[in-house]
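Down below is the structure, laid out as structure tokens.
Taken together, the values in this text are just the output of simple stated rules run on the coordinates, not laboratory data. Note that this is a predicted model, so its numbers are computed, not measured. In this analysis, Cβ positions are derived from the backbone assuming ideal geometry, glycine residues included, and neighbour counts consider all displayed protein chains.
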Amino acid sequence: MYLKYNMAMSWVIWITGLPGCGKSSVAIEVKRKIPDAVILNSDELRKIVTPDPKFSGDEREYVYKALVYTAKTVYELGHNVIIDATATRRIWREIARKLIPDFFEIYLTCPLDTCMDREKTRLDTHEAPTGIYEKGRKGAPVPGLNVPYEEPDNPELVIDTEKTLPGEAADKIVKMIRGQIS
């Protein structure tokens, strides 16, 4: 399935959820179905903006605001954008919603234990730091473990990734986009 949209119909989706819930896997599957989409991955951006990350509140603020600005700029150039980022605070996703007319929030839910198991055993980290939950047990700030994760208030789509494979989740997202942008 390949979807192509014209410039007047570009959009931004923000795939959010706890580390290990499947954000990157789902984002990659959406891009496979919509090859002209641009993935903005917070872990890749963080390596540039904060090369020695501490994951402090201020640092997260810079990274997520930079992500929103980049998504808005790419969207205004007529490209479809997939944001792959936890964004622990709801306000960052709300800023994107206010600034980007065709914005959709996708919330991937998954029990914390499952996220932790996935993160511990995954072979491809998709640029994410490794061993984050283990580091969190030792005091490092980790969303869902010792840093609050603010769930979306009104996401356009909620997908339980414990029950839904990445390709199936991508199909649901593409169907939602197609219904919204037609």
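Below are the figures for this structure:
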item: Residues whose placed amide H lies under 5 Å from that of residue 109, excluding near-sequence neighbours; result: 159, 160, 161
item: Sequence-distant residues sharing a close amide H with residue 147 (under 5 Å, placed H); result: 142
item: Exposure proxy ranking, count of Cβ atoms within 10 Å, fewest first, for 64, 69; result: 69, 64
item: Partnerless cysteines, meaning none of the other Cys C-beta atoms lie under 4.7 Å away, in the chain; result: 115
item: Long pairs among 65/172; 65/138; 120/163; 47/98; 65/98; 23/135, criterion Cα-Cα beyond 22 Å; result: 65/172; 65/138; 47/98
item: Using alpha-carbon coordinates, inclination of helix 23-33 to the longest axis of the chain, degrees; result: 20 degrees
item: Degrees, to the nearest 10: 166-180 long Cα axis against longest axis of the chain; result: 40 degrees
item: Crossing angle, helix 90-99 versus the chain [Cα axis fit, 0-90 degrees, rounded to tens]; result: 20 degrees
